[in-house]
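The values are calculated or read from the model by the stated rules, or taken from the named source; none is laboratory data. Predicted, not measured: the structure shown is a model, and the values here were computed from it. Ideal geometry is used to build each Cβ from the backbone, glycine not excepted, and the neighbour counts take in all protein chains shown. Accessible surface is based on the protein model in full, side chains and every heavy atom, while ligands, DNA and RNA are left aside. Shrake-Rupley method; radii C 1.70, N 1.55, O 1.52, S 1.80 Å.
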Number of protein chains: 2
Amino acid sequence: MSALSESALAQLFTNARTHNAWLETPVSDDTLHRLYELVKWGPTAANTCPVRLVFVKSAEAKARLKPCLSAGNQDKSMIAPATVILAWDNEFYEYMPKLFPHNPDARSWYVGKEKSIYENAFRNSSLQGGYFILAARALGLDCGPMSGFNATKLNAEFFPDGKWQANFLCNIGYGNHAELFPRSPRLDFDEASKSI
Amino acid sequence: MSALSESALAQLFTNARTHNAWLETPVSDDTLHRLYELVKWGPTAANTCPVRLVFVKSAEAKARLKPCLSAGNQDKSMIAPATVILAWDNEFYEYMPKLFPHNPDARSWYVGKEKSIYENAFRNSSLQGGYFILAARALGLDCGPMSGFNATKLNAEFFPDGKWQANFLCNIGYGNHAELFPRSPRLDFDEASKSI
């Protein structure tokens, strides 16, 4: 397999930016389905696939979301075509008979084990969050991920039965490139990596 | 921005597989640098960039790694051109003056706050793990991510000062496509997502 083209690498990584200002162009439900059909293939531990996606699009649902957001995240999220709640399923193991069919015992690796459930769900739904952001960019969408929200309030509003739990949020749509902030620095290879 | 080509989407998502058998083709240090130079651009909360990558390549380093791995992960990791320890930095906030230069107070959002440090480092280094896997695939590499290892033992061996901490591992190289397992199912859109 060879490397993707420079323009594809630019779209995914080197030229992609976090967006805070959004054009009015909507994101269709077809595009959301196409996005999920990419995200789902990314690998997770024991194929547990714990991420859950809530695409908040309607005016009614946006109004429920608004008071859960930090002040600085409210206006832009009301304008974005969709704010996605990336959550995890605290009962992800109930799908193991479907997801890990070659081992009928897989469910028992997790059920009743609070620490394993939490660590697996947090790690792997975050990993799937990485797949989500890059899959959206691969489809030509822009992303604005956010951690600034009141999780207790948001979970009570959207997940009152406690089964799903918010991890982070991400606005998606078509960003207004004229309103990008200057790009922040990153760590050098030797600050963040070593080869031994 | 338009969607990437079907062949690029296949290389990243729809046709990409987790590999357990590896060709002898090595992965050069140039490729590892190129990989990091993609991964580093993925967004993280407040640009904290907490992931740290240890590329375990030499026979000596592989021998130190082997007893830390679950039995089923040992042989394949000894054969893979590199086993990458995806870790996080418990003192990631020390880089905030570099990474978040427009707010000189950013370091104080985390320092001394154990729960915020843990949650930010775990969430965002996992998110960067997603960028890592897709960046490797974008460069034509294959991946074999693994959670089966003794974290206490591995951290003691590779990170004795406790500053860095392992999150998960990933073999990289060029996989032997003839030895792939059958692909496991995924959840349908309606099982994992909703639009409201």
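Quick notes on this one:
- Among the listed pairs A:Lys76/B:Lys194; A:Lys62/A:Lys98; B:Lys76/B:Lys98, those beyond 27 Å (Cα-Cα): A:Lys62/A:Lys98; B:Lys76/B:Lys98
- Shown for A:Glu24: label points 7 Å from Cα along the beta-carbon vector, and their distances to the equivalent points in the other copies, 6.4 nm in ascending order.
- Other-copy label distances relative to A:Ser7, 7 angstrom Cα-Cβ extension, nm: 1.4
- With the label put 7 angstrom out from Cα along the Cα-to-Cβ vector, B:Asp190 ends up 5.7 nm from the copy partners, going from closest to farthest.
- Computed over the Cα atoms of chain B, pair by distinct pair, the Kirkwood hydrodynamic radius stands at 18.3 angstrom.
- Among residues of chain B, the one whose beta-carbon sits closest to the B-to-A rotation axis is listed with its distance in Å as B:Gly130, 1.
- Structure remark: mean-square fluctuation, Gaussian network model of chain B, C-alpha springs under 10 Å; the largest value among B:Ser77, B:Ser147, B:Ser108 belongs to B:Ser108.
- In the A-B interface, the accessible area buried, summed over both sides, Å² (probe 1.4 Å): 7200 Å²
- Distance distribution note for the protein assembly as shown: the fraction of Cα pairs above 42 angstrom is 7%.
- Convex hull (Cα only) mean projected area of region A:33-119, reported in nm² to one decimal: 7.4 nm²
- Heavy-atom surface analysis with a 1.4 Å probe gives chain B a carbon and sulfur content of 51 percent of its accessible area.
- Counting only heavy atoms of the protein chains and using a 1.4 Å probe, B:Asp142 has close to 20 Å² of accessible surface.
- Using a Gaussian network model of chain A in which every pair of alpha carbons under 10 angstrom is joined by a spring, one finds that among A:Glu60, A:Glu157, A:Glu91 the greatest mean-square fluctuation is at A:Glu60.
- Top of A:His19, A:His177, A:His102 by mean-square fluctuation, Gaussian network on chain A, Cα under 10 Å: A:His102
- Sorting B:Lys57, B:Lys115, B:Lys40, A:Lys153 on solvent-accessible area from highest to lowest, probe radius 1.4 Å, gives B:Lys115, A:Lys153, B:Lys57, B:Lys40.
- Residue-wise HN-Hα coupling along region B:152-162, computed from phi with Karplus coefficients 6.51, -1.76, 1.60 (Hz; x: Gly, Pro): 4, 5, 5, 5, 5, 6, 9, 10, x, 7, x
- Per residue, in Å², the accessible surface of chain A once ligands and nucleic acids are set aside, probe 1.4 Å: 41 Å²
- Dipole magnitude for the protein assembly as shown: about 340 debye, using +1 per Lys or Arg Cβ and -1 per Asp or Glu Cβ, origin at the Cα centre.
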